[in-house]
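Enquirer: Below is a structure I'd like to ask you about.
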Amino acid sequence: MAVKLHIAYIVSHYPHKAFGHDGGLGTSVYNLVEKLKALDVKASVFIYGQEKEFTLEEQNVTIYSLTDSKAKFFRFYFNRKKIEKIINKTIAEKGINSIEAPDWTGITAFMKFKIPLIIRFHGSDAYFCNLENRKQKLKNYWSEKLALSRAKAFIAPTTFAGELSRKIFKLKDKEIKTIHYGLELQNFTNSAPAVYEKGLILYVGTLIRKKGVLELPEIFNKVRKELPEAKLVLIGSDSNDIKTNSDSTWQLMQNQFKNDDLNNVMYLGKIPYNEVENYIRKANVCVFPTFAETLGMVTIESMAMQKAVVNSNIGWAQELIVDEESGYLVHPNDHNLFAERIIQLLKSDALCLKIGAQARARVEAKFDINKIVIENVAFYQKIINQYQTR
C-alpha cells in the first residue's frame with residue numbers, strides 16, 4: 001500500500017485468547033483486524049470494561065485492555081473521558097490515522113479526537129428498541145445521538161440497518177457506507193454436506209425474545225405433527241426477559257413447549273465454538289427466526305457450511321438470502337409458513353443439498369472477508385483524505 005495506515009477500534013469485547021471467545025460485534029471487528037494485518041495496515045484495539053489493564057503487542061496489532069473509572073458518581077461520563085484520554089495519548093504516540101467505534105450506548109459521546117471518528121452501525125439501543133417496538137430510555141437515545149453527531153462518517157453491515165439508523169437519529173445527508181461483515185471462508189467449510197443427522201433442527205444464538213426463540217415452541221409443534229421424529233437443538237446463553245421480567249428465557253420456552261415436543265428438544269447452553277461448528281455440520285436445517293438484527297453472523301456461517309437455512313425475512317435478512325434460492329425467508333410470526341419451510345427441507349435431501357450449495361455460493365460472492373477488508377481500507381482512506389484536506 002502507498003501509505004501505511006493505522007486504524008483504531010473501540011470495542012466492549014473481543015474474541016482474543018486473552019479474553020475468551022465472544023460473538024457478534026467483537027467477532028466482526030476481530031475478523032477485520034486479522035485481515036488488516038495481512039495488508040500491512042496497523043491496528044490498535046481498545047477493549048473497555050475489563051477486569052485488568054494491560055497491553056498486548058502483536059504483529060501489526062496492539063491490544064489495550066481498559067478497566068472502568070473508579071468514580072462514584074456519573075461513572076458513565078468518567079468512563080468515556082478515561083477512554084478518550086488513553087486513546088488521544090496513543091494517537092499522539094503511535095500516529096493513528098482514524099478511529100472506529102460502535103453505535104451501541106454511544107460509547108464515544110463526550111469524546112473528542114484529532115482524527116476522524118467513524119461509527120459502525122452494529123446495532124444501537126435505539127435501533128433494537130425500534131425493531132422490537134419498545135420504548136427507549138431518553139438518556140440512552142441522547143447518548144447515542146451525541147456520539148453519532150461527532151462522527152465524520154458511518155459504516156453499516158446492511159443497507160437496511162444504515163437507513164433505519166439514519167431515520168431514527170435524523171442523520172439527513174451524512175454518508176453511510178454499506179459494508180457487510182465478512183467471513184474467513186476457509187474456516188467455515190463442510191467437506192461432506194450430504195452427511196448430517198436426519199431431522200435435526202438447529203438454533204444458535206442467545207435465548208432472548210428479540211431473537212424470536214419464543215416463536216420456536218409453536219413452530220416446532222407444527223413440524224412434529226408432520227414429522228414426529230424431528231429434534232430441536234438450541235445453543236447459546238440464556239438471558240432474562242424484558243417483557244415478563246423472567247430471569248430465564250429458556251424457562252419461558254419450556255413452559256410453551258408441549259410436553260411431548262419437549263422430549264425432542266435439547267438445550268446445550270453456551271459451548272466452545274468448535275463444538276458449535278460441529279453441530280452446524282450435523283444439522284439437517286438451521287433456523288433463525290429473529291425480530292431484531294443488523295446482519296446475523298451465525299446465519300452466514302451456517303450458509304458457508306452449506307446448510308439450508310430458514311431465516312427471518314425482516315429488512316436486513318433480504319440482503320443475506322435470496323428467498324427460495326440460497327435459503328428461505330419467513331416472518332417469525334408466520335408459524336405455519338415457517339414450519340412448512342422446515343418440513344419441506346426435512347423431507348427432501350436433494351432440496352437441502354441444492355439450497356446449501358447455493359447458500360455457499362452466495363456467501364462466497366458477498367461475504368468473503370478477503371474482498372470486504374479491501375472495501376473497508378478504501379473507505380477509511382477516503383475519510384482520512386477528506387479530513388486532511390478540509
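Computed from the coordinates by the stated procedures, all read-outs in this text should not be read as laboratory data. Note that the coordinates shown come from a computational prediction; the quantities given were computed from them, not determined experimentally. Here the Cβ positions follow ideal geometry from the backbone for every residue, glycine too, while neighbour counts run over all protein chains shown.
Enquirer: Just order 152-165, 337-350, 265-278 by mean Cβ neighbour count inside 10 Å, highest at the front, would you?
Expert: Values: 152-165: 21.5, 337-350: 18.7, 265-278: 13.5.
Most protected by this proxy first, the peptides run 152-165, 337-350, 265-278.
Enquirer: Let me ask something else about it. Once you keep just the Cα pairs under 8 angstrom separated by 6 or more residues, what percentage relative contact order results for the chain?
Expert: On the way: 741 pairs, mean separation 55.7, N = 390.
It rounds to 14 percent for the chain.
Enquirer: Normalised by the number of residues in region 185-366, what is the relative contact order in percent for Cα pairs under 8 Å and 6+ residues apart?
Expert: Reported relative contact order: 26 percent.
Enquirer: First measure r as the distance between the Cβ atoms of Lys94 and Thr67, then evaluate 1/(1 + (r/R0)^6) with R0 = 22 Å and state the FRET efficiency to the nearest 0.05.
Expert: It comes to 0.60.
Enquirer: Given the peptides 244-257, 282-295, arrange them by the average over their residues of other C-beta atoms within 10 Å, most packed first.
Expert: Per-residue Cβ counts within 10 Å, averaged per peptide and sorted highest first, yield 282-295, 244-257.
Enquirer: If packing is taken as the average count of other Cβ atoms within 10 Å, what order do 191-197, 125-131 fall into, highest mean first?
Expert: Sorting 191-197, 125-131 by mean packing, highest first, produces 125-131, 191-197.
Enquirer: Now for a separate question. A 27 angstrom limit on the alpha carbon distance is what I want to check against. Which of Lys139/Lys211; Lys70/Lys172; Lys94/Lys174; Lys145/Lys177 exceed it?
Expert: Result: Lys70/Lys172; Lys94/Lys174 exceed 27 Å.
Enquirer: Among Trp316, Trp142, which comes first, then next, by fewest other beta-carbon atoms within 10 Å? Present the calculation step by step, with values, prior to reporting the outcome.
Expert: Values: Trp316 25, Trp142 13.
Final ranking by Cβ density, sparse to dense: Trp142, Trp316.
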